[in-house]
There are 2 protein chains.
Amino acid sequence: MELALTLHASSDKSLQAQIFDQVRSLILDGRLQAGMSLPPTRLLAERFQVSRNTVVIAYERLVAEGYVEARGTSGVFVTEIPPDDLLLISGPRELLRSNGPVPAQAGEPLLCFAGSPGGGEDRPTIDFWVGRSAASGFPFRVWRRIATKLLSGESQYLTDYCDPAGLPQLRKAIADHLGRTRGMQVTTEQIIVTAGGQDALNLVMNLMRGHTEHLCIENPCYAGASMIFQAEQLPIEPVPVDSEGIRTDSLPNKRRSLIYVTPSHQYPTGVVMSLSRRLALLRWADETDSYIMEDDYDSDFRYDGPPLTALSGLDRGRRVFYVGTFSKSVGAGLRLGFAVVPRIFSDDARMLKARMSNGQSWLEQCALAEFISDGHFDRHIRKLRQLYKSRRDALITALRKRFRDPVISGQDSGLHLVWRLPKGMPNALTIQMKARAAGIGVYALSSGGAFDFDGTAPDDMLMFGYASLTENKIVESIEKLHAILRAMSSAGSR
Amino acid sequence: MELALTLHASSDKSLQAQIFDQVRSLILDGRLQAGMSLPPTRLLAERFQVSRNTVVIAYERLVAEGYVEARGTSGVFVTEIPPDDLLLISGPRELLRSNGPVPAQAGEPLLCFAGSPGGGEDRPTIDFWVGRSAASGFPFRVWRRIATKLLSGESQYLTDYCDPAGLPQLRKAIADHLGRTRGMQVTTEQIIVTAGGQDALNLVMNLMRGHTEHLCIENPCYAGASMIFQAEQLPIEPVPVDSEGIRTDSLPNKRRSLIYVTPSHQYPTGVVMSLSRRLALLRWADETDSYIMEDDYDSDFRYDGPPLTALSGLDRGRRVFYVGTFSKSVGAGLRLGFAVVPRIFSDDARMLKARMSNGQSWLEQCALAEFISDGHFDRHIRKLRQLYKSRRDALITALRKRFRDPVISGQDSGLHLVWRLPKGMPNALTIQMKARAAGIGVYALSSGGAFDFDGTAPDDMLMFGYASLTENKIVESIEKLHAILRAMSSAGSR
């Protein structure tokens with residue numbers, strides 16, 4: 001079998017990324033069909049005069065993302081239905097294995113919670129507040145150097161209005177970054193720089209208002225998104241989430257819908273949307289003339305395996321609005337995020353951003369653009385990924401040491417994981433309150449920035465945002481939590 | 001006549017400001033009625049054991065703002081109807097006198113223009129682009145020092161979410177500043193920090209959506225505000241503007257309205273809303289259960305006389321939402337502004353801001369808070385006021401030198417003025433295009449960020465934003481403009 005690939009040595013992209021992208025395109029376009037074999041790596045390497053290792057890496061990523069499978073010595077074949085288990089909570093392999101199965105059976109609604117967004121008051125001593133990044137991880141030295149340099153000229157940028165869509169060099173840096181890390185081929189014009197993810201979600205909602213008759217949202221969901229939807233005068237349909245992400249078989253057959261999803265790390269449950277669900281969601285959008293809001297709030301931190309291709313990358317920017325933020329990856333105090341809009345909406349989005357707030361502050365935008373372009377961002381992410389991975393591992397190890405076979409979800413990526421409490425334990429909110437009295441902040445979904453639209457869910461999920469806590473603090477807090485739970489249980493049994 | 005005043009030596013406010021505020025309150029509350037006399041300054045000074053000069057300054061400001069009048073040697077009396085001419089285009093006295101009357105008769109609609117927002121493309125060599133401040137006026141040295149200091153600590157502020165309503169110290173600094181300069185008694189809780197004025201206008205619109213059945217707007221108006229109103233599903237009533245500001249006799253008798261006005265320096269015409277109109281507008285709001293959006297975009301730069309009390313100051317924060325910005329006074333590249341909301345809306349406004357963008361960037365907010373609190377802001381404004389006044393004077397002098405008795409409005413304050421072209425001249429848009437071809441940017445209202453809702457207006461207003469241009473450039477451009485107009489006129493007469 002010949003593969004119609006075109007490799008460019010002069011491209012910005014690595015050769016392995018070019019091979020991966022093009023083979024994936026052939027599969028998604030149906031030109032490479034299920035059961036067909038890929039040429040052996042040695043042959044492909046010879047044909048394109050690249051190192052064999054380059055081809056091996058590309059194939060490995062195709063296997064990891066479930067597009068192809070290796071069948072012993074007979075070769076590599078396009079999969080029948082892309083297997084989802086590789087895309088699911090794959091976790092740290094050795095930990096996962098002893099954890100038993102993923103929280104719920106595929107196809108079974110995992111959770112939905114009643115509650116309202118919380119947080120904000122005086123913080124506990126050891127606080128697993130969700131979505132908080134490590135203050136010590138901020139790149140102070142580099143940032144200070146860039147900012148000081150930018151302020152040392154006497155430019156007109158501080159007194160002028162910038163392009164409302166954002167500083168051109170930042171938009172370009174973001175587009176390049178998304179191409180490298182998320183499989184998205186987007187132009188600078190499609191990027192609108194915003195005040196964090198929240199502003200981007202509003203931008204998309206405002207942009208879609210005239211195109212939308214119906215709102216759909218994964219349930220439970222991120223409270224920030226639910227607030228935006230609830231402010232609209234449109235019917236809202238919550239769609240349940242299970243261990244493969246949003247249940248695409250429960251999508252309403254309503255035309256001109258707008259749906260909100262967090263495919264990389266579902267908020268709050270942490271599950272990863274499987275490839276087959278991703279494709280089903282895109283098909284549904286096409287069939288119903290609907291649009292998708294993909295909130296990719298923390299996918300920079302993936303601890304195991306390569307990053308998954310974003311929905312927006314699979315869709316090639318026709319029906320997916322992609323929302324990203326630098327709040328988790330660099331710092332929430334910068335208030336910088338972005339939306340990637342389908343090409344036909346880019347002019348409208350720019351005008352809309354002008355109407356909303358007329359752009360973002362120049363200094364932060366310019367500093368971030370340099371930070372990304374000069375390679376600091378990639379290094380920063382690599383460093384933080386190590387740091388957060390150690391903290392996550394410490395948390396999982398501590399939970400396993402003190403509790404029997406804890407069922408954990410969402411540990412693959414991001415800044416938080418969820419512990420599904422075993423039967424017989426008090427509910428999450430009760431534990432939250434007892435722990436709070438002892439100076440420890442752990443959160444029931446209803447207090448952890450999650451929202452539930454239909455109030456039918458169990459209450460046994462405890463959220464841990466671990467990124468801002470040292471390993472020692474994490475171990476100490478789990479010891480205390482264990483003591484609290486033991487005291488509650490013996491009080492209950494008396 | 002005894003005055004019920006209570007002066008506090010320990011107050012943040014000067015004694016003269018306390019006297020001014022309290023006497024004004026007594027007048028507005030009706031406890032001091034028209035025709036009543038104020039005690040002689042000597043008696044009041046003795047009674048409160050303050051220097052007589054303190055009382056004199058307070059009385060002078062009351063006279064200047066039209067609350068009282070001096071009648072020769074018989075004393076100082078509360079005015080029958082607050083005289084408006086002191087609040088109108090008072091201009092540089094000597095220039096105004098030879099300019100003749102203000103552009104239009106009071107009570108006669110001054111203007112309304114058809115057009116759409118403009119600007120953005122390649123700029124002309126000498127550009128009177130409206131609302132642009134002087135890049136050289138930015139306080140680079142101080143700002144750099146503050147920013148570098150803030151970045152030199154390794155604080156958690158860059159990685160944490162701040163209060164969505166804004167940094168507390170900035171909100172306090174703004175509240176204090178408004179008390180000192182705009183006669184507004186507001187608490188920190190009423191201030192919501194925003195991304196410039198535009199974000200603040202959106203905040204108010206979103207906040208008022210459930211309370212509003214009808215939108216009113218001065219006409220012509222600021223295009224940024226018209227865009228926000230037009231995006232709503234509500235009827236819009238344009239209200240004409242004359243030389244006293246919005247025509248309050250044309251306000252619709254519609255309950256639960258929201259009205260947008262720019263009382264300090266009407267955009268685009270530059271006229272100042274008279275005190276009687278201000279009071280009439282507040283009465284209308286009370287009678288119709290309506291709210292007012294007061295956009296005070298450039299009142300920091302008032303060249304003659306004391307600043308006028310804001311509508312919000314007269315109202316005491318019940319029906320007026322006040323919108324301010326640092327885009328003109330410090331720099332648009334900071335993207336910082338604020339809304340002052342009536343007390344009962346402060347919690348809702350904070351929640352709404354969280355939903356909209358979850359706050360502003362920490363560094364800019366913190367730097368600005370220090371800049372204001374340490375007194376730099378007041379010094380900066382004083383310095384720029386001198387600079388801009390010289391530029392404005394150069395422009396007026398140049399216009400007067402080359403054109404006979406030019407009729408000018410809006411020259412008292414802000415960063416732009418309007419020249420109403422004499423009869424027989426081509427219209428403003430024609431001149432704009434001819435000037436543009438010669439590298440000079442002057443603007444018809446339709447190109448200068450103004451919008452007209454009913455398209456009935458004359459087209460003889462030419463806008464000049466003078467703040468960013470040196471006196472030499474200004475003189476040079478008016479010479480060129482004169483030559484262009486002469487050439488057009490001789491071509492036309494052939």
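The values are calculated or read from the model by the stated rules, or taken from the named source; none is laboratory data. All figures in this text were calculated on a predicted structure; none of them were measured in a lab. Here the Cβ is made from the backbone with ideal geometry for all residues, glycine too, and neighbour counts use every protein chain on show. Accessible surface areas use protein heavy atoms only, side chains included; no ligands, DNA or RNA. Shrake-Rupley method; radii C 1.70, N 1.55, O 1.52, S 1.80 Å.
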Verdict on B:ILE236 being among the β-branched types (Val, Ile, Thr), at pLDDT 95 or above and surrounded by 21 or more Cβ atoms within 10 Å (Cβ to Cβ): no
Those residues that are in contact with a His (Cβ under 6 Å, 6 or more places away or on another chain) and modelled with pLDDT of 95 or more, I need them from the range B:378-413; list them, please. B:ARG402
For the structure I just gave you, tell me whether A:SER290 is within 23 Å of A:ASP21 (Cα to Cα) and assigned by TED's automatic domain parsing to the domain that holds A:HIS211. no
Cβ-Cβ distance below 7 Å, separation of 6 or more or different chains: which pairs start in the range B:60-74 with a residue that is assigned by TED's automatic domain parsing to the domain that holds B:GLY35 and farther than 13 Å from B:PRO40 by Cα and end on one that is outside any loop (DSSP other than H, G, I, E, B) and small (Gly, Ala, Ser)? B:VAL63/B:ALA70
Of the residues A:ALA483, A:ALA444, A:ALA467, which is aliphatic (A, V, I, L, M) and farther than 28 Å from A:ASP300 by Cα? A:ALA483
If you check A:PHE464, A:PHE453, which single one turns out to be touching a residue at least 40 places away in the same chain (Cβ under 8 Å), among the aromatic types (Phe, Trp, Tyr), under 18 Å from A:ARG123 (Cβ atoms) and not assigned by TED's automatic domain parsing to the domain that holds A:VAL271? A:PHE464
Residues A:THR148, A:THR194: which one is open to solvent by less than 40 Å² (accessible area, probe 1.4 Å), modelled with pLDDT of 50 or more and among the polar types (S, T, N, Q)? A:THR194
Cross-chain or 6+ apart pairs with Cβ under 6 Å, the range A:127-147 first and more than 9 Å from chain B (Cβ to nearest Cβ), then open to solvent by 20 Å² or more (accessible area, probe 1.4 Å): A:VAL142/A:HIS376; A:ILE146/A:GLU370
Looking only at the range B:151-191, how many residues end up being open to solvent by 70 Å² or more (accessible area, probe 1.4 Å), touching a Leu at 6+ places or on another chain (Cβ under 9 Å) and more than 10 Å from every other protein chain (Cβ to nearest Cβ)? 1
Restricting attention to the range B:214-224, does a residue exist that is among the charged types (D, E, K, R), at pLDDT 95 or above and in contact with a His (Cβ under 8 Å, 6 or more places away or on another chain)? no
Restricting to the range A:343-386, and then to whatever is of a type in the set (Ser, Thr, Tyr) and within 14 Å of chain B (Cβ to nearest Cβ), can you tell me which residue is nearest to A:GLY179 (Cα to Cα)? A:SER361
When every residue in the range B:265-289 that is open to solvent by 10 Å² or more (accessible area, probe 1.4 Å) and in contact with a strand residue (DSSP E or B) (Cβ under 8 Å, 6 or more places away or on another chain) is compared, the one nearest to B:VAL323 (Cα to Cα) is B:TYR267
Between a residue in the range B:476-488 that is within 14 Å of B:ARG400 (Cα to Cα) and any residue that is open to solvent by 30 Å² or more (accessible area, probe 1.4 Å), which pairs come within a Cβ distance under 8 Å, given they are 6 or more apart or on different chains? B:ILE478/B:LYS401; B:ILE478/B:ARG402; B:GLU479/B:ARG402; B:LEU481/B:ARG402; B:HIS482/B:ARG402
